[in-house]
Amino acid sequence: MEAIMVANHRGEKASVGPEAFERLKSFLRLPVLRPGDEDYDKARTIWNAMIDRRPALIVRCSGVSDIRRAVEFAREHSILTAVRGGGHNIAGNAMCDSGMVIDLSAMRSVRIDPFARKAYVEPGATLAEFDREAQAFGLATPLGINSTTGVAGLTLGGGFGWLTRKYGMTVDNLIGADVVTADNRFIHASETENQDMFWALRGGGGNFGIVTSFEFKLHQVGPEVLSGLVVYPLSEARAALRKYREMAPKLSDDANVWTVLRKAPPLPFLPPEIHGKEIVAFAVFHAGDPDKGLKELEPVRHFGKMVGEHIGVQPYVAWQTAFDPLLAPGARNYWKSHNFTQLNDETIDIAIKYLSNLPTEQCEIFFGLLGGAAGRQPADATAYCHRDADFILNVHGRWNNQSDDDRGVEWARGVFRDMAPYATGGVYVNFLTGEETDRTKAAYGDSYERLMAIKKKYDPNNLFSMNQNIRPM
């Protein structure tokens, strides 16, 4: 067997001898994949089809011992190292060219303690797996809105979803984490142990180590909740969005309403003539009593002349999968994002302008509503510091064909550029693309200097660099 050529952090090539590689393989429970192996192409494929990278090694981990062996190997040979969880990774940092991928996607265990109302979650688990186990006991914690999202990446970036207004960000519900550090130690981080690490993990991304287990607090939710969609045509968009803006600050913590601007998918409750036409859809959710929820959310049905609605009581796990068909793996994705404290007239007009000129049927603009419990946390309570952001914009460019790349990217950048004067300057780190290294400081905001110091303590040589990277101070 010949030496293996790998890349380091500076892109330089080095060789790893066959003896070292065979020693690594002997300690692992799953085969290490290399180019040409039968499962290699499948293992290097991630959710965003725009990412096409070819690592020299893919180390698939079954447990903590595998992770520690992989970290030790990466350190010894100064290998460019990416860490893959269980989900989307829009920026593509789960893969690297010519380096090593520590693949955690096989580690999917979710254990629920219904008596203590805690969940213990491995880093390869998805929201679907978490929700299914927790809802067996009528429990949940704030996560995202798409069941194929990975729990690890979502959490480390902050995390928000339908329950955020009632119970805070995902990181506000993280109460502990087991971590393998860059020097290959195994530590526990919580409010009482390694507090600096615990603070950094809650919004600082994957910069500080590999989390091998997350511990979350759980809340009584469902198992059935009031939720659904109210849909308006393009002609009603401006008036509907202005009424939404007026309604949002009045909502209780139980309620949440997001808005999506896109072409109408062929939903059965929409008339056929509206399919493929531009719409504004309001996704409504209520975590409390359904009768109270119907009354509180009733104004959404009167934002204008709607073209369809579908609101009712359904299982929480079903609502968590409602948007999965629009976010299936295999499409090409290019996102841009801003934070907003309010939706002024200019912001609304820009959204409508670009809704009228969508490059593909899958492209969309959405505003996620935060506030509530998330906004009442002090900005420095966690590394996620954007507590003033009541709305998070995601310009979601999405298409299937590479030939659409230029016009799709140009459209997304146009929305981003025109919206910028009205945004806070901050951004949700999980929505950044790989090219936006200039926005790293904006993503971490006022937490950045403190995160740099913690990075220097736990990863001074920047082993964990394939992320929205914080360089050691």
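The values are calculated or read from the model by the stated rules, or taken from the named source; none is laboratory data. If you're wondering where the values come from, they're calculated on a predicted model, not measured in any experiment. No Cβ is skipped: glycine too gets one built from the backbone with ideal geometry, and neighbour counts run over all protein chains shown.
Worth a mention:
- Selection over the stretch 188-199 of residues that are touching a residue at least 12 places away in the same chain (Cβ under 8 Å), of a type outside the set (Gly, Ala, Ser) and either outside any loop (DSSP other than H, G, I, E, B) or within 20 Å of TYR428 (Cα to Cα) (or both) gives a count of 5.
- Looking at the stretch 71-139, the strands (runs of 3 or more DSSP E) lying wholly inside it that each contain 2 or more residues that are surrounded by fewer than 23 Cβ atoms within 10 Å (Cβ to Cβ) and touching a residue at least 40 places away in the same chain (Cβ under 8 Å) sit at 118-121.
- Those strands (runs of 3 or more DSSP E) of the stretch 1-63 in which at least 2 residues are farther than 15 Å from ALA94 by Cα, considering only elements entirely within it, cover 4-7, 13-16.
- Some residue of the stretch 85-100 being over 20 Å from GLY330 (Cα atoms) and either in the same structural domain as ALA283 (by TED's automatic domain parsing) or not hydroxyl-bearing (Ser, Thr, Tyr) (or both): yes
- When PHE214 is tested against (1) in contact with a Lys or Arg (Cβ under 6 Å, 6 or more places away or on another chain); (2) part of a strand (DSSP E or B); (3) of a type in the set (A, V, I, L, M, F, W, C), just one condition goes unmet, and that condition is (1).
- Failed condition for PHE160, given (1) touching a Pro at 6+ places or on another chain (Cβ under 8 Å); (2) part of a helix (DSSP H, G or I): (2)
- When restricted to residues that are farther than 16 Å from GLY63 by Cβ and of a type in the set (A, V, I, L, M, F, W, C), the stretch 26-46 contains 3.
- Any hit, the stretch 286-293, residues being within 24 Å of the chain's Cα centre (by Cα) and at pLDDT 95 or above: yes
- Matching strands (runs of 3 or more DSSP E) fully within the stretch 221-335 where at least 1 residues are more than 29 Å from VAL429 (Cα to Cα): 224-233, 308-315
- Taken residue by residue, the stretch 166-184 has at least one member that is surrounded by 21 or more Cβ atoms within 10 Å (Cβ to Cβ), on the phi > 0 side of the Ramachandran plot and part of a loop (DSSP other than H, G, I, E, B).
- Hits in the stretch 275-288 (condition: farther than 30 Å from HIS219 by Cβ and either out of contact with any Pro (no Cβ under 7 Å at 6 or more places or on another chain) or surrounded by fewer than 16 Cβ atoms within 10 Å (Cβ to Cβ) (or both)): HIS275, GLY276, LYS277, GLU278, VAL280
- Restricting the stretch 345-363 to residues that are among the charged types (D, E, K, R) and assigned to a helix (DSSP H, G or I), the residue that is farthest from SER403 (Cα to Cα): ASP345
- Tabulated pairs, the stretch 345-370, first more than 16 Å from HIS396 (Cβ to Cβ) and outside the structural domain of ALA248 (by TED's automatic domain parsing), second of a type in the set (Phe, Trp, Tyr) and assigned to a helix (DSSP H, G or I), C-beta under 9 angstrom, 6+ apart or interchain: none
- In the stretch 373-414, of all residues being surrounded by 15 or more Cβ atoms within 10 Å (Cβ to Cβ) and hydroxyl-bearing (Ser, Thr, Tyr), the one that is nearest to the chain's Cα centre (by Cα) corresponds to TYR384.
- The single residue among ARG75, ARG44, ARG34, ARG68 that is among the basic types (Lys, Arg) and under 25 Å from the mean Cα position of the chain (by Cα) turns out to be ARG44.
- Tally, over the stretch 140-149, of residues that are surrounded by fewer than 24 Cβ atoms within 10 Å (Cβ to Cβ) and either free of Cβ contacts under 8 Å to residues at least 40 places away in the same chain or not hydrophobic (A, V, I, L, M, F, W, C) (or both): 3
- If you go through the stretch 415-454 and keep only what is assigned to a loop (DSSP other than H, G, I, E, B), polar (S, T, N, Q) and surrounded by fewer than 19 Cβ atoms within 10 Å (Cβ to Cβ), you end up with just THR424.
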